[in-house]
Amino acid sequence: MVLELLRVHRLAIPLVRPFRTSFGTESVRDVIIVEAITSDGVHGWGECSTMSWPGYSSEYSESALHVIRHHLAPALAGVSMDPDSAQAALTPLRGHPMAKSAVLTALLDAWLRARDQSLGSFLGAVRTEVDCGVSVGIPASLDALVEDVDSYVAAGYRRIKLKMEPGWDLEPVRAIRARYPDIPLQTDANQAYTRDDIPLLAQLDDLDLLLIEQPLPEEDWYGHVLASRACATPICMDESILTVESADSAIRLGASSIINIKPGRVGGYLQAKAIHDHCVELGAPVWCGGMLETGLGRAANVALAALPGFTLPGDTSASNRYYREDITEPFVLKDGRLSVPTGPGIGVDPLPDVMSGMTVAIDEIAVNA
Ligand code: NPG
């Protein structure tokens with residue numbers, strides 16, 4: 001079995017409501033889905049978590065399309081489809097983890113489907129369902145935040161994450177903690193603060209948060225060490241963690257005591273598992289981040305979140321958190337949890353009519369034709 005073709009779908013999917021973070025606002029998800037087609041006619045799927053602009057990291061959708069066509073696909077010519085060989089073929093190309101993750105996941109999905117093995121069993125999942133948290137964007141007002149959080153609590157989410165930025169921090173977090181004294185609560189700044197703000201971050205210590213996510217710029221390792229020393233609340237890096245080595249450094253330096261693992265950010269599920277395994281060895285808890293995935297990306301993330309070291313609820317929310325209509329059968333929250341798919345590969349398929357209705361462009365790249 002060889003990889004014959006990469007079909008790259010670009011979709012535009014309206015969000016149920018705009019999602020605002022400290023780096024920008026998303027109203028329509030500009031998402032790239034990679035379909036890997038093998039010589040045996042097996043189709044595998046991988047989602048690219050780039051946004052349309054380089055706000056979260058330096059990658060964005062146009063850069064991903066370019067690098068997939070001009071660099072990743074050519075590097076796979078003549079390469080075996082087994083997951084380690086495919087990953088090794090892309091390793092000499094620097095950066096672009098989200099584009100690599102999309103391509104490698106599509107290949108991995110096809111490879112697993114051909115072997116009739118689920119992604120969860122391949123990765124070493126130990127749970128059949130995972131606890132789900134929800135990420136709450138920055139709304140127009142405190143009243144709107146309360147309304148949003150009330151709706152997610154009513155839906156059964158097991159943990160609330162509040163996005164924050166300078167000017168939107170102590171007051172909203174205090175308000176939600178006062179309203180929900182016992183709910184697991186955490187915040188995410190997406191790099192919006194500086195070392196000067198560390199005393200302000202330490203004021204969150206009274207609010208019994210699970211963690212403060214990526215308060216400082218991704219390159220500011222020493223700043224995160226200072227924040228960790230100043231705050232009783234655990235600091236958790238997200239954007240800074242790209243490899244096993246960066247996770248190792250974060251933990252050993254005392255910059256981050258908990259690690260957010262996002263397969264897109266780290267270049268795929270093999271890398272995500274390697275980071276998980278290393279964090280387990282070091283005794284550091286991990287949780288699965290999210291990037292507004294469709295059902296395709298969500299299925300794979302839920303399988304990852306079923307590994308033993310994922311001891312905190314992830315940003316693995318249900319389809320209806322973001323989409324009125326998902327491109328797969330929807331993921332539905334049951335008692336605050338999602339079920340881990342058990343079918344071959346990622347265990348879900350796109351709904352062809354729904355997907356084609358949302359498609360804005362398709363690029364076909366012959367690999368070993
Ligand atoms: O539930 O899928 C989700 C999104 C969770 O807040 C979330 N993601 O910084 O972690 C983040 C943020 C994000 C969104 C990152 C979009 C990148 C793109």
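A compact table of results
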{"read-out": "Flag if residue 124 is surrounded by fewer than 23 Cβ atoms within 10 Å (Cβ to Cβ), in the same structural domain as residue 308 (by TED's automatic domain parsing) and closer than 16 Å to residue 322 by Cα", "value": "no"}
{"read-out": "Residue that is farthest from residue 302 (Cα to Cα), among those in segment 34-66 that are open to solvent by less than 10 Å² (accessible area, probe 1.4 Å) and of a type in the set (Val, Ile, Thr)", "value": "38"}
{"read-out": "Some residue of segment 285-305 being open to solvent by 10 Å² or more (accessible area, probe 1.4 Å) and of a type in the set (Lys, Arg)", "value": "no"}
{"read-out": "Any hit, segment 63-76, residues being within 16 Å of the ligand (Cβ to nearest atom), assigned to a helix (DSSP H, G or I) and over 13 Å from residue 31 (Cβ atoms)", "value": "yes"}
{"read-out": "Residue tally, condition over 23 Å from the mean Cα position of the chain (by Cα), buried (at least 16 other Cβ atoms within 10 Å of the Cβ) and either outside any loop (DSSP other than H, G, I, E, B) or outside the structural domain of residue 269 (by TED's automatic domain parsing) (or both), over segment 222-256", "value": "5"}
{"read-out": "Selection from segment 155-197 of residues that are touching a Lys or Arg at 6+ places or on another chain (Cβ under 9 Å) and closer than 13 Å to residue 231 by Cβ", "value": "186, 187, 189"}
{"read-out": "Any hit, segment 143-154, residues being under 29 Å from residue 271 (Cβ atoms) and surrounded by 18 or more Cβ atoms within 10 Å (Cβ to Cβ)", "value": "no"}
{"read-out": "Hey, residue 316 in contact with an Asp or Glu (Cβ under 9 Å, 6 or more places away or on another chain) and either more than 21 Å from residue 241 (Cβ to Cβ) or surrounded by fewer than 20 Cβ atoms within 10 Å (Cβ to Cβ) (or both) or not", "value": "no"}
{"read-out": "For residue 354: the one exception among (1) part of a loop (DSSP other than H, G, I, E, B); (2) more than 20 Å from residue 83 (Cα to Cα)", "value": "(1)"}
{"read-out": "For residue 138: the one exception among (1) over 21 Å from residue 316 (Cα atoms); (2) surrounded by 15 or more Cβ atoms within 10 Å (Cβ to Cβ)", "value": "(1)"}
{"read-out": "All positions within segment 257-272 that are farther than 18 Å from residue 48 by Cα and open to solvent by 40 Å² or more (accessible area, probe 1.4 Å)", "value": "257"}
{"read-out": "Set 243, 328, 294, 311: member being of a type in the set (Val, Ile, Thr), within 12 Å of the ligand (Cβ to nearest atom) and at pLDDT 95 or above", "value": "294"}
{"read-out": "Total residues in segment 84-112, condition in contact (Cβ under 8 Å) with a residue 12 or more places away in the chain, open to solvent by 20 Å² or more (accessible area, probe 1.4 Å) and closer than 20 Å to residue 346 by Cα", "value": "6"}
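Residue-by-condition table, conditions (1) within 16 Å of the ligand (Cβ to nearest atom); (2) part of a strand (DSSP E or B):
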site	(1), (2)
101	yes, no
108	no, no
120	no, no
130	yes, yes
135	yes, yes
145	yes, no
150	no, no
160	yes, yes
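The values are calculated or read from the model by the stated rules, or taken from the named source; none is laboratory data. If you're wondering where the values come from, they're calculated on a predicted model, not measured in any experiment. Virtual Cβ from ideal backbone geometry, glycine too; neighbours counted across all protein chains shown. Note: areas computed on protein heavy atoms with side chains; ligands, DNA, RNA excluded. Shrake-Rupley method; radii C 1.70, N 1.55, O 1.52, S 1.80 Å.
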